[in-house]
């Protein structure tokens with residue numbers, strides 16, 4: 001044990017001083033649903049996201065990826081019925097909808113989400129493993145704000161589509 005100038009053990013004094021110094025430092029406070037934007041230092045609300053896809057492996061991978069990119073995935077759905085229920089319960093900021101939901105249409109679901117649940121059209125983003133060109137006319141006619149390929153899915157691209165109201169496509 002270290003000994004101070006007067007021959008007294010200083011370990012206890014040192015520990016108390018360090019604790020006092022730590023307590024006096026300002027801390028970064030994080031509230032639920034908020035995160036620190038590391039680039040600017042500002043607090044921004046995290047987007048709450050619902051992912052709708054009939055492929056359970058994609059749902060798990062997308063959830064993991066988006067949560068690493070500072071998005072909150074509040075729910076997953078594999079059918080249109082499930083998606084409508086989850087959206088009504090969870091009120092997500094954005095819903096990612098696969099264009100091809102097995103036997104169901106992601107385009108129809110996007111319209112139902114806007115009509116039945118009352119989501120703003122800027123909050124539905126269509127996703128697909130297929131190229132945008134394969135569905136270009138249907139995407140343009142849809143109520144969704146945009147399209148992202150599954151390969152290019154990222155938190156930043158989702159934020160860009162949600163924040164930029166004009167219809168645009170990100171690959």
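Determine, for 81, 72, the number of other Cβ atoms within 10 Å of each Cβ, and report the residues in order from fewest to most.
Ordered by Cβ neighbours within 10 Å, fewest first: 81, 72.
Among 56, 105, what is the fewest-to-most ranking by other Cβ atoms within 10 Å?
Ranked by crowding around the Cβ, least crowded first: 56, 105.
Quick one: order 64, 49 by neighbouring beta-carbon count within 10 Å, fewest to most.
Going from sparsest to densest Cβ surroundings: 64, 49.
Since every read-out is calculated from the coordinates, none of them should be taken as a lab result. Computed from a predicted structure; not experimentally measured. Counting neighbours? That spans all protein chains shown, and the Cβs are built from the backbone with ideal geometry, glycine included.
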